[in-house]
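Q: Just passing along the structure, written as structure tokens.
We did not get these values from a lab; they are worked out from the coordinates using the rules stated. Everything numeric here is computed off the predicted structure, so don't read it as measured data. FYI the Cβ positions are ideal-geometry reconstructions off the backbone, even for glycines, and counts take in every protein chain you see.
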Amino acid sequence: MNIQGNRLINFILKSYIGLVFLFIFTPIITSLVFSFNSDRFASIPLGSFTLKWYETIYNDPDVWDAVRTSIIVAVSSSVLATGIGFCTAYTDFRYTFKFKNAYLALALLPPTIPLIIMALAMLAWFSKIGTSGSIFSVIIAHTVLCAPFAMAVIRLRLQQMNRDIEAAAWNLGATEWAAMRYVVIPFVKPAIVSALCLTMAVSFDEFAVAWFVSGLNKTIPVLILEILQGNVDPQINAIGTFVFITTMTLVIIAQLFFMIRSQGSENNTNE
Amino acid sequence: MNEPQIEFERITKRYNNTIAVDDISLSISAGEFVAIMGSSGCGKTTTLRMLAGLEVPTDGEIRLDGKRLNELKPHERETPMVWQSLALFPFLNVQKNVEFGLKTRGISPDMRKERAKKWLEKLEIADLSERRIDQLSGGQRQRVALARALVTEPPVLLLDEPLSALDANLIVRMQSVLSRLQRDLGITFVYVTHSQSEAFAMADRVVIMSKGKIEQVGTPQDVFRRPASRFVAEFVGSNNIISGTVKSIDKDILELETSFGAVFSQVSNNANYRTGNALDVVISADRINLSTTDLAGNNVFQCRIVSEQFVGSIVSLLLELENGQEFRVQKQQHELDRINLQSGQTLWLSWSTNHAYILDSSSNN
């Protein structure tokens, strides 16, 4: 009875996971398949295999501009966001002070704000200070969006650090800066790499805020929408596949480094 | 007497409303092995951390070689520490861990390697130098922590319960490693522990702390045989503490009236005891003799065995007098074989008048 019950639960859970994957991956795989399809309109049966759409985007200077913008934005904002995230996580780890909870809540706030509202607020603010439409605006906006993710990842790693090891470094003659450089940063390094990849992926994919503040410096998601507004064009599938592979790679790298965290953290039990 | 190397002068450490260390003064000479002992929360670790600069005293002055330390940051002091958690750097191998203190002092890589090697050899872990920390056993990690702290050849080594994570066999081995190391190097060891056996086995002097205050400073023998207060007498374990009132004093023999009869103790002639005063008398568990026949004389009481416990070659007995007063007695196994003990048997316990130590009544309030 019990075993049969377990089997049933097992079956239901497995089907559930299967369905989740089906819903997530069907559109992506469809897009991937049609990106190699010669027909202009997505329909079954498929036409012949072609690289024509990849050729189109390869020869389109607008796509290259967008890729360049996206990369600049993603790299800059991931570095900034990881830097800020590290500082917030470290202050949380190291110090106790009045209103610390308020400080942490504020640091984690951005993802809880609806993107549209955030995007509008950013647009209003950047127009006011006259930087709207510049690439810096997109970088700043994405940094704000990404910093909490970086902080969360780095904070988890810091929580695994034995508090004594930083003090041990001071005790062995390291200034606070030297202890930071030789002990704290090496310890959290996997989380820093993970945070860089994760925030890069978030920035690379982000559409709403970029659409509002990017002006002529279009990122890839903004470009995709623009092409779509014009007409239905299978080159979208090709761009989509490219974006999907880039993002997935970054997220997988982030996950791999994130998993290193348990290894290497000192535990004090002895055999 | 040579100049003290480390001095705590009226040191107090307060956190918000709680006092961790309460107005303590302590001098330690160069080359001494001092153990600070007490139960958890007594302020012993805070005292050590103040010496390392990890806590700043609220009041008082700490000096090393006559130089005031209070304002120095941890990295400006030569007071390396062996941590209870060991606090080895998990992302560095053994060699790099040991080299750390040299690296922060700007010593060249070649020199670092050479000096680290010397200490790795001294602690018999040279063959592990390329290992990661998580590939080491508890005892090996302990040695790495020691090498890392000693590699800068400091005048003082601080040890914060370094053996608490090890199993019993290893503790005894590391104790002899530490004792030998301290003798060979001739540097000062300040050792914090809650374990009486560790403190007594290694230290030249023991400092007993309770509730942020120092209860007694003395050699292990002093603390064991002549506890300064009832707290110390209870803390150092196998003592019998008897309360009573002074009935008479005849020359150097004091007669104490207790719940189970008259107890006689030797006192020095000039001691100031008055008839009617309340007193505590301490008799060490190992100072009590047992006999199967009634011996006439003072300090002899009939009793029966409540329980016995073997600890290696030593047997701990719990005895009870007719009125319920309990006595703890420790005997060598071979001594007990001689009197052929049987359970439920009636025995007589006794002690000599000069083995009953009178606690200083002023410290008991």
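Q: Run the numbers for residue B:183 and residue B:14: contour at 0.36 nm per residue of separation, minus the present Cα-Cα distance, in nm.
A: On the way: separation 169, 0.36 × 169 = 60.84 nm, distance 3.55 nm.
Contour length minus the Cα-Cα distance gives 57.3 nm.
Q: Could I ask something else about it? Report the convex hull volume per residue for the stretch B:146-288, counting only C-alpha atoms, in Å³.
A: For the stretch B:146-288, the hull spanned by Cα atoms encloses 160 Å³ per residue.
Q: Could you list, in their original order, any pairs among B:44/B:73; B:44/B:122; A:98/B:211; B:96/B:122; A:128/A:218; B:67/B:118 whose Cα atoms are separated by more than 26 Å?
A: From B:44/B:73; B:44/B:122; A:98/B:211; B:96/B:122; A:128/A:218; B:67/B:118, over 26 Å: B:44/B:122; A:98/B:211; B:67/B:118.
Q: What shape does chain A have by the C-alpha gyration tensor, where a ≥ b ≥ c are the square roots of the eigenvalues, rounded means a/c under 1.5, and otherwise prolate means a/b greater than b/c and oblate the rest?
A: It is oblate, given that a/c is not under 1.5 and a/b is not larger than b/c.
Q: Still on this model: With a cap of 11 neighbouring Cβ atoms within 10 Å, and only residues DSSP puts in a loop, list the trypsin sites (Lys or Arg not before Pro) found in the stretch A:82-168.
A: A:98
Q: Below 20 Å, Cα to Cα, which aspartates and glutamates can residue B:331 reach? Residues fewer than 8 away in the same chain don't count.
A: B:234, B:286, B:294, B:308, B:320
Q: Mind checking which of A:169, A:66, A:238 has the largest fluctuation in a GNM of chain A, springs on alpha carbons under 10 Å?
A: Among A:169, A:66, A:238, the largest GNM mean-square fluctuation belongs to A:169.
Q: What is the distance in Å between the Cα centroid of the stretch B:235-284 and that of the stretch B:131-195?
A: 42
Q: Just counting partner chain Cβ atoms within 10 Å, what average do the residues of peptide A:180-191 show around their Cβ?
A: Counting other chains' Cβ atoms within 10 Å and averaging over A:180-191 gives 2.
Q: Compute the distribution of all C-alpha to C-alpha distances in the protein assembly as shown, in bins of 10 Å from 0, and list the percent of pairs in each, rounded to whole numbers.
A: 3, 12, 16, 16, 14, 13, 10, 7, 5, 3, 2, 0, 0
Q: Can you tell me the orientation of helix B:109-122 relative to chain B, as the angle in degrees between its alpha-carbon axis and the longest Cα principal axis, to the nearest 10?
A: Relative to chain B, helix B:109-122 is tipped by roughly 30 degrees.
Q: Using the Kirkwood radius over Cα pairs, work out the Stokes-Einstein diffusion coefficient for the stretch B:232-363 at 10 °C and 1.306 mPa s, in µm²/s as a whole number.
A: Roughly 103 µm²/s, to the nearest whole number.
Q: To the nearest 500 deg cm²/dmol, what mean residue ellipticity at 222 nm is calculated for chain B from DSSP H runs of n ≥ 4 alone, each contributing -39,500 (n - 2.57), summed and divided by the residues? Before the final figure, lay out each step's value.
A: Details: 9 runs with 90 residues, N = 365.
Calculated at 222 nm, the ellipticity per residue is -7000 deg cm²/dmol.
Q: Provide, as a two-decimal number, the C-alpha radius of gyration of the stretch A:3-151 over 2.2 N^0.38 Å, N being how many residues it has. Could you put the intermediate results ahead of the total?
A: On the way: Rg = 23.0 Å, N = 149, 2.2 N^0.38 = 14.7 Å.
Scaled against compact globular proteins, the figure is 1.56.
Q: Along each of the three principal axes of the Cα atoms of chain B, give the extent in whole Å, ordering the values from largest to smallest.
A: 77, 46, 39
Q: Given a 10 angstrom Cα cut-off, can you work out which residue in A:32, A:145, A:158 is the most mobile in a GNM of chain A?
A: Among A:32, A:145, A:158, the largest GNM mean-square fluctuation belongs to A:32.
Q: Residues with beta-carbon under 15 Å from that of residue A:76, excluding residue A:76: net charge, scoring Lys, Arg +1 and Asp, Glu -1?
A: Residues near residue A:76 contribute 0 overall.
Q: Restricting things to alpha carbons, find the Rg to Rh ratio for the stretch A:60-121 using the Kirkwood radius for Rh.
A: Working: Rg = 16.6 Å, Rh = 14.3 Å.
Ratio of gyration radius to Kirkwood radius: 1.16.
Q: Which order, highest average first, do B:234-240, A:45-51, B:166-172 follow once you tally other Cβ atoms within 10 Å for each residue and take the mean per peptide?
A: With the highest mean Cβ count within 10 Å placed first, the list reads B:234-240, B:166-172, A:45-51.
Q: Need the full-extension length gain, residue B:352 to residue B:170, defined as separation in residues times 0.36 nm minus the C-alpha distance. One decimal, nm.
A: 61.7 nm
Q: I want the local charge near residue A:239. Using Cβ-Cβ distances under 10 Å, sum +1 for each Lys or Arg and -1 for each Asp or Glu among the other residues.
A: -2
Q: If a helix is a whole DSSP H run, which ones in chain A reach 20 Å or further along their own axis (Cα) and hold a mean Kyte-Doolittle hydropathy of at least 0.0?
A: Helices meeting the criterion: A:2-35, A:61-94, A:115-129, A:135-159, A:185-205, A:235-260.
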